[in-house]
Amino acid sequence: MQLSGLPPLLGKDPSDIEKRAEELVQILLRSFAGSAKKSLPHNRGQPWWDQSCREAKRRFKRICASQIPTNEDKKSYRKVLRKAKALFYQKKLDEISNAKEAFKMSKWHKSKGQFRMPPLTDPLLPSNPPAHTPEAKRDVLLRNLLTNQSGTEDIPFSSPTVPRNNLPFPQLTHLEVSNAILGAGNTAPGKDGIPTSLLKLAWKHIENLVTELFQICIESGYHPQCFRTAILAIIEKPKKIDRTSPRSYRPIALLSVLGKGLERVVAKRMAWLTINHRVIARQQFGALPLRSSVDLTTCLTHD
């Protein structure tokens, strides 16, 4: 299906919105796969690998093909590699001409390398054995980092559930949507794999469709499933000693770039409405533009 073949999105049914969002994502993916050159991994190897290493490797392969290599053959092969490596780094040290290069060289011995995550212990279930498999570690991290704690006891029963007043919500503009999606920088893509750079190339063709989709989403109060399906990456927290504790790791959710653009539009509109119509108190400073902790301190000392 092409962009020209998409009919206007007239209804506000969640199934229609979901279908349009999926169609838009699939069109972008097919266009990208059909026009972009596929990137193949390049095995660059070690920087010190030179012609002498290649020749030594060919000789060693010929020996292995004809007979079982002796300890002397293996020692000779490793000697060539060690010599090439030593000469490479000695040359790098001799070529240092400023403090910046010397500082970069000093980081050689600080490389941590890549190590597998150690077995995780579950503080919520201390009687369970440590988690060794990826599936078991996933369950431990899920229970300790992503468990949704209910806060219903903090909500008074007298709070109104039906809005008493309706605030005007103007139509979205192309510039507003463009700034929300393309102005945020080249952020990490989500499950669909569509980066911001691809959206910039196709923006003049999809601008009207994306603006129309965002407008219908806001009017209907529906956020498409494909926009809120995230890839969860677990990264280590710095300066944590106990790597067996789930609290030593931080989950990072990678969401769709289009979905994050819709969230930015809603967040900016909500901030503008609350300030313009004075919905919140004057002492509210969190999540609002042009307000900071300095203003809060000024109110505390002067008001």
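The values are calculated or read from the model by the stated rules, or taken from the named source; none is laboratory data. Treat the numbers as computed from the prediction; the structure is a model and nothing was measured. Note that each Cβ is placed from the backbone with ideal geometry, even for glycine, and that neighbours are counted across all protein chains shown. The protein model used for the area step is the full one, side chains on, heavy atoms only, and it has no ligands, DNA or RNA in it. Shrake-Rupley method; radii C 1.70, N 1.55, O 1.52, S 1.80 Å.
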For this session: Check the stretch 17-33 and report whether any residue there is modelled with pLDDT of 90 or more and open to solvent by 100 Å² or more (accessible area, probe 1.4 Å).
Result: yes
Exercise. When only residues in the stretch 200-251 that are of a type in the set (D, E, K, R) and in a loop (DSSP other than H, G, I, E, B) count, which is nearest to Gln26 (Cα to Cα)?
Worked result: Arg228
Exercise. Quick one: Gly190 ticks every box in (1) crowded, with 17+ Cβ neighbours inside 10 Å; (2) among the small types (Gly, Ala, Ser); (3) at pLDDT below 85 bar one, so which box is it?
Worked result: (3)
Problem set entry | Of all residues in the stretch 284-303 being open to solvent by 90 Å² or more (accessible area, probe 1.4 Å) and in a helix (DSSP H, G or I), the one that is nearest to Arg269 (Cα to Cα) | Val294
Problem set entry | Every residue from the stretch 193-227 that is open to solvent by 80 Å² or more (accessible area, probe 1.4 Å) and without any contact (Cβ under 8 Å) to a residue 12 or more places away in the chain | Leu201, Lys204
Exercise. Looking at Ala281, Ala230, Ala267, which is the one that is under 25 Å from Ala33 (Cα atoms) and open to solvent by 20 Å² or more (accessible area, probe 1.4 Å)?
Worked result: Ala230
